[in-house]
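Every number in this text was worked out from the coordinates using simple rules, so none of it is lab data. Please read all numbers here as calculations on a predicted model, not as lab measurements. Don't worry about glycine lacking a Cβ; one is built from the backbone with ideal geometry, like all the others, and counts go over all protein chains shown.
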Amino acid sequence: MTPVTGRLSPRRDLLILGLVGFVTSFGAHAVAVNLPAYAQQVGGGPFTIGLLIAVYDFAEVIAKPVLGYWADKRGQVVTLWAGLAVFSLASLAFLVVDPRLLIAVRLFQGLGASAFSVVSVALVAAYFPQERGQSLGVYNALKGAGYVVAPVMGGYIVTRTSLAGLFVVSALIGLTVLALSFLLHEPARPVELDDDDDFSLKDFLVPFADRRLLPWYGVIVLNMAFVGILFGFVPVYLNSLGYDSFGAGLILAAGTLAYLLIQPLAGRLADRFGGHATISVGLFMSSASIVMLPFSQGLSLLALVVLGGIGIGIVWTNSDLVISQLAQSGQLSTTLGAAGSYKEIGDMLGPLSIGVLAQVFGIAVGFVACGLAGLTGLLLIQHRSK
């Protein structure tokens, strides 16, 4: 990999940033898998579980663009450090507060994650301008590993210790990565912005109103909706077919593995052929997969889940690439923060949309309607290319 001028350890830095991303995904999913047991402990129900999951995402929706803007103005690396510190301290706070205040702990964990999540992506883009796609692919694969291991690791830790033990482990992971991140350096600011430290609402809102970016934000929302559908509602369909939890888990694991492994290759292809072409292919693959899933069984169903995972992985990495390339000078973190908000919105809208459609019209209609929405999203990319 080709580093920016003056950098001697590009692979080390990319590994550190990937671990920063891992903290984000681990923090979200290691706790989520144990919330049913927590709800029983404090006398809560499904609403309590949903609220505790949503508050982490809600914090990221609101905070990512704000903290991205702060990072562009005050420093990206120092913002990353602050985010990791807040996440780690919030995790440790669970040891001393009333367990019923877990919602506050999750809120502050989400705020900390917002800072280091958006900045770590921005630093990958800044450190590797020549091989940005491939580097973002490696970063996202490392980050995505957290989605895979967090539920298993979180369940194991709580089974052997307690929910408090899980927060101790989360804090230790955050502090370890924080220590490693002290090896990172602040990328050079554009010359024309060296003296521009004033905060401006107009500058902050620029990425949200940029017509060049709006179609890609739409693609990001669709792709994240597909994540929620593929990994949230495919199990519902599998259950209707009579699969037990173990069989369903194996099928979903195949999709998750495909999603992880494709990202470095997807980024490399984008560096060679462009983000537009690769995203078009990825979005078509995931949309077609979701349309056909409710009419498949056996090996064809497994193949469609893998196809969907590949498509989602391609769009995930290369949408970050396109957004970073379109960001205005001095607004890299701000723009990626705005994109991060749209990711969280899509993450929430996907399960909600298919849930409503499936409830009213049946699960097959829900899958087909959401898949067709993805195919129409290809028109957004065509609009962008004109």
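Observations, loosely collected:
- Expressed per residue, the C-alpha convex hull volume of region 253-386 stands at 113 Å³.
- Whole-Å distance, taken between Cα centres, linking region 31-80 and region 95-162: 10 Å
- Rough spin-label spacing in nm, given labels placed 7 Å along Cα→Cβ, for ALA303 and VAL33: 3.0 nm
- 222 nm mean residue ellipticity, helices alone, for the chain (DSSP H n ≥ 4; -39,500 (n - 2.57); rounded to 500): -28500 deg cm²/dmol
- Length released on extending from TYR156 to LEU89, taking residue separation times 0.36 nm less the Cα-Cα span: 21.9 nm
- The alpha-carbon atoms of region 328-386, seen along their principal axes, cover 48, 27, 9 angstrom, with the largest extent given first.
- Multiplying the residue separation of GLN41 and ARG212 by 0.36 nm and removing their Cα-Cα distance gives an extension gain of 56.7 nm.
- Extended-chain gain in nm, criterion 0.36 nm per residue less alpha-carbon gap, LEU379 and LEU183: 66.2 nm
- For the chain, built as a Gaussian network whose Cα springs stay under 10 Å, the top-fluctuating residue of THR376, THR79, THR335: THR376
- Kirkwood-Stokes translational diffusion coefficient of the chain, alpha-carbon pairs, 25 °C, 0.890 mPa s, µm²/s: 116 µm²/s
- Inter-centroid distance (Cα atoms) of region 284-323 relative to region 364-384, Å: 13 Å
- For the chain, the number of Lys pairs separated by eight or more positions or lying on different chains, with C-alpha atoms closer than 19 Å, is 6.
- Under the membrane-span-like helix rule (DSSP H runs whose alpha carbons stretch at least 15 Å along the helix axis, mean Kyte-Doolittle hydropathy 0.0 or higher), the chain yields 10-32, 46-74, 76-93, 102-127, 132-160, 163-181, 214-232, 245-273, 275-292, 298-326, 332-361, 363-385.
- Whole-number percent relative contact order across region 225-325, with pairs defined as alpha carbons under 8 Å at least 6 apart: 39 percent
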